[in-house]
1. Using alpha carbons only, how many degrees (0 to 90, rounded to 10) separate the axis of helix 146-157 from the longest principal axis of the chain?
2. I'd like the orientation of helix 318-341 relative to the chain: the angle between its Cα long axis and the longest Cα principal axis, in ° from 0 to 90, rounded to 10.
3. How would you rank F31, F51, F76, going from fewest to most other Cβ atoms within 10 Å of each one's own Cβ?
4. Filter K50/K230; K182/K301; K416/K446; K416/K471 down to the pairs with a C-alpha to C-alpha distance above 20 Å, please.
5. Using the charge dipole of the chain (Lys, Arg: +1 at Cβ; Asp, Glu: -1 at Cβ; taken about the Cα centre), state which of G115, I417, P195 has its Cα farthest towards the positive end.
6. Just to confirm a number: summing +1 for Lys and Arg and -1 for Asp and Glu over residues other than F284 whose beta-carbon lies under 10 angstrom from that of F284, what do you get?
7. Using the charge dipole of the stretch 29-236 (Lys, Arg: +1 at Cβ; Asp, Glu: -1 at Cβ; taken about the Cα centre), state which of S225, Q152, P235 has its Cα farthest towards the positive end.
8. Could you sort out which of K186/K297; K35/K500; K186/K221; K110/K344 sit more than 18 Å apart by Cα distance in this structure?
Amino acid sequence: MNFYLYSCTDVAQYLLHTRKYTAYMEDGPGFDNRKYIETQSEHIRERIRKFGGKLYLEFGGKLFDDYHASRVLPGFQPDSKISMLMQFGSDAEAIIAVNAEDIEKNKVRKDIGIGYDLEVFRLVDSFKNRGIDVSGVVITRFTGQTSAVNFQVKAETLGLRVYRHYPIEGYPSDVGLIASDKGYGKNDYIETTKPLVIVTAPGPGSGKMAVCLSQIYHENKRGVSAGYAKFETFPVWNLPLSHPVNIAYEAATADLGDNNMIDSFHLDAYGEPAVNYNRDMEIFPVLNAILEGVSGKSPYKSPTDMGVNMAGYCIVDDSKVRKAAENEIIRRYFEALCDHREGKDNSSIIFKMELCMKRAGISPLCRNTVRTVRECGYGGERPMVAMELPGGAIVTGKASSLLSASSALILNSLKKIAGIPDEILLITPEVIKSMQRLKVEYLGNKNPRLHIDEMLVALSIAANTNDYAEKAFSAIPGLEGCDAHSSIIVSPVDERMYKKLGIYLSCEPEYQTKCLFHED
């Protein structure tokens, strides 16, 4: 491979295009992704047939980039859900719902840092790039919000069909009003033609379920038989309540107040235990009544009946899945501690995380990387990061005058993966010092140490003339799925690069300095 002059963006693109999501699992994954795609798509087809050929499928969670699922189910690819939907080809189309109040508040999707309005456009592009038509965008709970009106103008200018759904007085308890021309009937009808209609949104609280039910009401008025089902990966209904995967879901949704519980409706109806969560349990009696009001009868006896999730059947190594989920719970705990350190009032979330760890029978020291960092005692002016590589080897990186601790960690890890001796220099100090001069003297940065992206640019250039550097650079995909822990809160630029590399990072809730303002 020949490299000339690569920018940080070029390196990021290289990472995205060369990523192999299961490359790090040398002895096999814990989750069978191929079986999942096949089993899940067939199960949805069965549900479509059950309703006479048309199904509105409410899609919860992340549709295109479900990194939580890929962390707790090793082998699950972040784009598994959309890959599964692509099995339907021209038989599927999508509706995207966005809450007008979320647009007005400029709500942001935290994991990728963009507003819900822009996330709608990203979702549209993602569907179209995979050959799935988008029937339209629905602005829910519309009451004339200025930002929502502006969003509609922009979306229609871009060629999208935009519809409005309105608040219904007495929702969700006044079933008679809801299932009438003054309820769902006053909503815009979205014309759809495919057997499978996927209803998704930028985030929770966008009104996906109401959009599905509103469409079923309108379809029924037009003499079209259509059904409703729900797709949510977590909690996994056929895993025990105490399974780490289900506890990790509670940790991930602590800010929403979700709590897993046994589906009592399912237990009463079938005599079999199933796991669901509080919001579905609370809304089920009302939802069932609305379904009866909209279409004359409800086919469901429990919230679990509504779901079509088959993930639990595709776990092939429970011990690996348990360990991955336990690590995720601990990472969520550290994330809550860091948020608190940054001034967010989330004491209740920290308490919830501690309860999750207690229920799972784990502590932060159960992660090898945390134990390594704390035993070494680095921090403050000399931060360090530890990472567990495939096979269990622990590699560390410490800050120096040339590299940040994170950059040193990545460089050391690439050497280890590629089998390069420690004493081999991949990037000469002269090159690093030249880049530091650019950063400090010409670009005005105060921190001269190279961040991960800058170090990788230097490595990509060195790979053009240095065989060892080329070998290390080619080993980048082997970092995917590794577990890391830092003695300090890493800089935002390094944090972004950990995500691009697919490394699962957590941090101690400490800054490198006692300054009130922290720069990259």
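1. On a 0 to 90 degree scale, this one is about 90.
2. Once rounded, one gets 80 degrees.
3. Working: F31 25, F51 18, F76 29.
So the ranking, lowest neighbour count to highest, is F51, F31, F76.
4. Working: K50/K230 14 Å; K182/K301 28 Å; K416/K446 31 Å; K416/K471 11 Å.
Cα-Cα > 20 Å for K182/K301; K416/K446; rest within.
5. Checking the options against the dipole of the chain, the answer is P195.
6. -2
7. Projecting each Cα onto the dipole axis, the largest value belongs to S225.
8. Correct reply: K186/K297; K35/K500.
No lab work stands behind these numbers, since they all come straight from the coordinates. As the structure is a computational prediction, the values presented were derived from the model and not from experiment. Note: ideal-geometry Cβ built from the backbone for every residue, glycine included; neighbour counts use all protein chains shown.
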